[in-house]
Amino acid sequence: MTSGPNPGGPGRVSVQQAAALTGHGAATRADALLLDVREPWEWQAGHAPGAVHMPLSALAAGAGLPAGAQARPLVVICRSGDRSRQAVELLAVRGADAVEVAGGMEEWAGAGLPVVNAHGGSGTVA
């Protein structure tokens, strides 16, 4: 996956790049899947529409990726960027094509990108 201008190092994309790669930006198409590695209570409070949830704790324990996330480029997001960096390292060992989102869901929401809760309503970043 090419990430274009690099906001913080190899394997890292900005929220704007993440939105474009995952189909959340204007006039974009989703080549990559947004993988949210936060804990269930954080996911339920608010996440990007269409994202797939897989807590970092489950990845670290060796859980396999959900079917929709297998064999696709992954854009990995957490709250602020620390857990997504760890998840990208774990995924790289498994051979996955993955990049992390600089600034995480805090930056995502701050950029005005959509956040929904577990019921599809307006969500918040917990």
(request) Tell me which of these G62 doesn't satisfy, since it passes every other one: (1) farther than 18 Å from V125 by Cα; (2) in a helix (DSSP H, G or I); (3) more than 11 Å from the chain's Cα centre (by Cα). (result) (2)
(message) Would you confirm whether or not segment 64-78 contains a residue that is closer than 18 Å to T22 by Cβ, modelled with pLDDT of 95 or more and touching a Lys or Arg at 6+ places or on another chain (Cβ under 7 Å)?
(response) yes
(request) Search segment 1-25 for residues being polar (S, T, N, Q) and either modelled with pLDDT of 95 or more or touching a Gly at 6+ places or on another chain (Cβ under 9 Å) (or both), and hand back the single one that is nearest to R79 (Cα to Cα). (result) S14
(message) If I ask for residues that are part of a loop (DSSP other than H, G, I, E, B) and among the polar types (S, T, N, Q), which ones from segment 71-126 would you list?
(response) S80, N117, T124
(request) For V93, indicate whether it is over 17 Å from G23 (Cβ atoms) and of a type in the set (A, V, I, L, M). (result) yes
(request) Could you tell me which numbered condition T28 fails, if it satisfies all but one of (1) out of contact with any helix residue (DSSP H, G or I) (no Cβ under 9 Å at 6 or more places or on another chain); (2) over 21 Å from S122 (Cβ atoms); (3) modelled with pLDDT under 95? (result) (1)
(request) Check P55, P40 and return the single one that is crowded, with 18+ Cβ neighbours inside 10 Å, of a type outside the set (S, T, Y) and free of Cβ contacts under 8 Å to residues at least 40 places away in the same chain. (result) P55
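The values are calculated or read from the model by the stated rules, or taken from the named source; none is laboratory data. Just so you know, these numbers come straight off a predicted model, no measurement behind them. Glycine gets a Cβ as well: all are built from the backbone with ideal geometry, and neighbour counts include every protein chain shown.
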